[in-house]
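The values are calculated or read from the model by the stated rules, or taken from the named source; none is laboratory data. Computed from a predicted structure; not experimentally measured. Cβ atoms come from the backbone with ideal geometry, glycine included; neighbour counts cover every protein chain shown.
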Amino acid sequence: MILKNKRMLKIGICVGILGLSLTSLEAFKGGPLQVEAKEKTGQVKHKHQATYKEFSQLEKKFDARLGVYAIDTGTNQTIS
């Protein structure tokens, strides 16, 4: 097996570390760290009308709004 050879294992580890370091440098090339989201305008088109109808019925039945809810664990901010 290739991993039994210590030299090949060392080369594999070095190549892996080099690859990770090169990809992590991509984040520091001077581009913007935060990008502003653009608000969508216009009518939302639903590909699956049956699914949309079922969700609408659930929202009416429980008097609630279905959606995505997230918490930024670094700042404890809620994002909805």
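Computed values, structure above
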read-out	value
Residue satisfying condition, being loosely packed, with under 10 Cβ neighbours inside 10 Å, under 26 Å from the mean Cα position of the chain (by Cα) and either modelled with pLDDT under 70 or among the aromatic types (Phe, Trp, Tyr) (or both), within set Gly67, Gly42	Gly42
Boolean, Leu3 is at pLDDT below 85, assigned to a helix (DSSP H, G or I) and surrounded by 10 or more Cβ atoms within 10 Å (Cβ to Cβ)	no
Cβ pairs under 7 Å, 6+ apart, first in region 50-78 and free of Cβ contacts under 8 Å to residues at least 40 places away in the same chain, second surrounded by 11 or more Cβ atoms within 10 Å (Cβ to Cβ) and of a type in the set (D, E, K, R)	Arg65/Glu59; Leu66/Glu59
